[in-house]
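Report on one structure; see the data block that follows.
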Amino acid sequence: ASKPKVGDARTSIEKVVSLKPDLVLAHAFVNDDAIPKLETLGITVFAVDPKTPAEVARDIRTIGKITARPKTAESVAKSLETAVAGVKSNRAKRSSKNVLVVIQANPLWAAGPETFVDEMVRLANGKNVAFDCRPGFNPFSKELALKRNPDVIIAGTNDDAAYFLKSPLWRHTKAVKNKRVYVIDPDTLVRPGPRLAIGLKEIASKLDY
């Protein structure tokens, strides 16, 4: 918490350079503007852009190697893989559920294909209501979502969850009728790291009824 903050999507090149790093770890998509600028200045950059929990584990191991912490990295990666295997095994014979994972309630934005969320819903033997949405996190047809009648709705904030529970439009969906509208910390669902294990277990627990 005491470390200097140098940016995220909008990275301060000057601040990074002033810290004289031996290595910069970056996200290949989010930091695509900063990476070539840093490399031009002679700074070593290693960028990753994992799309699945398995790729996250792979990248953790790679980062462990290049930072001379292979044992620590192996432990973290293995923990994530164990969580994935456990959820997949436990949910394999359970009934599948239709799941809507909401990025924004109104207007509706959902987690579509090619996201950690979509992968984790499938690992938990669920079906993403927005499976045919544009890849990533995008606007999704409210009418189509209502027609597909989600069994479970997962939101990232209490306000979004409250919207579904109070909205007359959504009151006939299974999720609202059965009060299966839940809040899960989005950091455990969308950020590529070991916390994906927490998000995966949370999703699985919401489908176990």
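The values are calculated or read from the model by the stated rules, or taken from the named source; none is laboratory data. All values reported here derive from a predicted model rather than from experimental measurement. Because the Cβ atoms are built from the backbone with ideal geometry, glycine has one as well, and the counts that use them run over all protein chains shown. Quick note on the areas: whole protein, heavy atoms, side chains included, nothing else; ligands and nucleic acids left out. Shrake-Rupley method; radii C 1.70, N 1.55, O 1.52, S 1.80 Å.
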Using a/c under 1.5 as the rounded threshold, could you call the range 42-148 rounded, prolate or oblate? The axes a ≥ b ≥ c are square roots of the C-alpha gyration tensor eigenvalues, and prolate needs a/b larger than b/c, oblate otherwise. oblate
I'd like the antiparallel share, as a percent to the nearest 5, of DSSP beta bridges with both residues in the range 1-139. 40 percent
Of all beta bridges DSSP finds with both residues in the range 62-209, what is the antiparallel percent, to the nearest 5? 35 percent
Run down the aspartates and glutamates and flag those whose C-alpha is under 20 Å from the C-alpha of K201, throwing out any fewer than 8 positions away in its chain. E55, E81, E114, D118, E119, D151, D185, D187
Helix-derived [θ] at 222 nm for the chain: sum -39500 (n - 2.57) over DSSP H runs of at least 4, divide by residue count, nearest 500? -12500 deg cm²/dmol
Å² of accessible area per residue within the chain, as computed with a 1.4 Å probe and no ligands counted: 57 Å²
Can you list the lysines whose alpha carbon sits under 23 Å from that of K166, skipping same-chain ones fewer than 8 residues off? K97, K142, K147, K174, K177, K179, K206
How charged is the neighbourhood of N98? Take every other residue with its Cβ under 9 Å from the Cβ of N98, and add Lys/Arg as +1 and Asp/Glu as -1. +3
With a cut-off of 8 Å between alpha carbons and a minimum separation of six or more residues, what is the relative contact order of the range 15-170 in percent? 17 percent
Quick one: among I63, I184, I43, which has the greatest mean-square fluctuation in a GNM of the chain with alpha-carbon springs under 10 angstrom? I43
Percent relative contact order for the range 132-209, counting Cα pairs under 8 Å at least six residues apart, stands at 26 percent
Carbon + sulfur, % of accessible area of the chain - ligands and nucleic acids excluded, 1.4 Å: 54 percent
Most fluctuating residue of S12, S75, S141 in a GNM of the chain with Cα springs under 10 Å: which is it? S12
Under 9 Å, Cβ to Cβ, from V152 - net charge with Lys/Arg +1 and Asp/Glu -1: +3
Potential lengthening between A68 and N90 on full extension [0.36 nm per residue; Cα-Cα distance subtracted]: 4.4 nm
Given a cut-off of under 8 Å on Cα pairs at least six residues apart, what relative contact order in percent is computed for the range 16-68? 33 percent
Unit charges on C-beta of K, R, D, E only; dipole of the chain, Debye: 880 debye
Does the range 127-190 come out rounded, prolate or oblate by the C-alpha gyration tensor, with a ≥ b ≥ c the root eigenvalues, rounded set by a/c under 1.5 and, if not, prolate when a/b is larger than b/c and oblate if not? oblate
Please give the net charge around A34, taking every other residue with its beta carbon less than 15 angstrom from that of A34, where Lys and Arg add +1 and Asp and Glu add -1. -2
Let me know the shape class of the range 23-83, please: from the alpha-carbon gyration tensor, a ≥ b ≥ c as square roots of the eigenvalues, rounded when a/c is under 1.5, otherwise prolate if a/b is greater than b/c, or oblate. oblate
